[in-house]
Amino acid sequence: MSHWFYDFLAALGYSHPLHPVLVHVPAGMSIGALGFSILAALTKQAAFRATAYHVAVFALAFTLLAIPVGIFDWQRFYGGAWFFEIQIKAVLAALYLLLIASAAVIGRRCLESKALPVLYFASVVTVAGLGFFGGQLVYHALHRKRRCNSKSAARYSTAIAPAATAAAKTSSNRICRCAMRRNCTISPSFWPLSAIRACPTARRA
């Protein structure tokens with residue numbers, strides 16, 4: 001459904017995922033909300049408390065945009081493969097949305113609520129987890145070709161393959177089968193480490 005938009009961007013010279021462009025906003029706003037909440041507690045200034053709430057609302061707005069775009073990126077660059085990293089990010093994204101939405105609702109009713117600082121803190125911890133597993137997807141791609149083509153990588157992958165989950169194996173096999181076709185739409189540049197470990201000998205385009 002969203003492929004036409006990505007094709008349009010590619011024609012303009014932009015071929016990267018869109019989710020990383022947007023996701024830093026709610027991440028930064030969550031940290032800001034917690035920071036202003038701490039300032040409010042230290043200084044007893046109501047303005048800081050109000051600012052923390054406004055920042056949280058801003059984070060919620062961009063979260064509602066970043067999540068569907070992340071799903072579109074997942075379909076586009078990963079072929080909808082259900083990797084372990086994707087599974088964890090899906091759970092954490094749902095939790096983060098619940099936390100930040102709760103903060104927005106509670107803050108609208110009562111800015112002095114004791115639950116708000118707790119929600120802000122929990123959202124920061126959750127977004128940190130999202131960032132970590134997002135990094136697992138992105139930065140393992142840097143040395144992906146070298147790992148895939150080396151014999152040592154194949155031995156390493158064989159050693160850890162039994163520990164892979166059934167879901168990860170299924171998703172990785174899907175990518176491996178796709179890689180054998182010339183019209184494969186799954187970009188090898190964005191394969192997560194779990195795919196390489198579970199299927200180290202597949203031919204990469």
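The values are calculated or read from the model by the stated rules, or taken from the named source; none is laboratory data. Everything numeric in this text was worked out from a predicted model, so none of it was measured. Protein only, heavy atoms only, side chains kept; ligands, DNA and RNA dropped before computing areas. Shrake-Rupley method; radii C 1.70, N 1.55, O 1.52, S 1.80 Å.
Is region 57-103 best put as rounded, prolate or oblate by its Cα gyration tensor, with a ≥ b ≥ c the root eigenvalues, rounded for a/c under 1.5, and otherwise prolate when a/b is larger than b/c, oblate when not?
Oblate, because a/c is 1.5 or more while a/b does not exceed b/c.
Once neighbouring chains are kept in place and the probe is 1.4 Å, which whole percent of the accessible area of region 36-96 is contributed by carbon and sulfur?
78
State whether region 1-124 is rounded, prolate or oblate according to the following rule on the C-alpha gyration tensor (a ≥ b ≥ c being the square roots of its eigenvalues): a/c under 1.5 gives rounded; otherwise a/b larger than b/c gives prolate, and the remaining case gives oblate.
Prolate.
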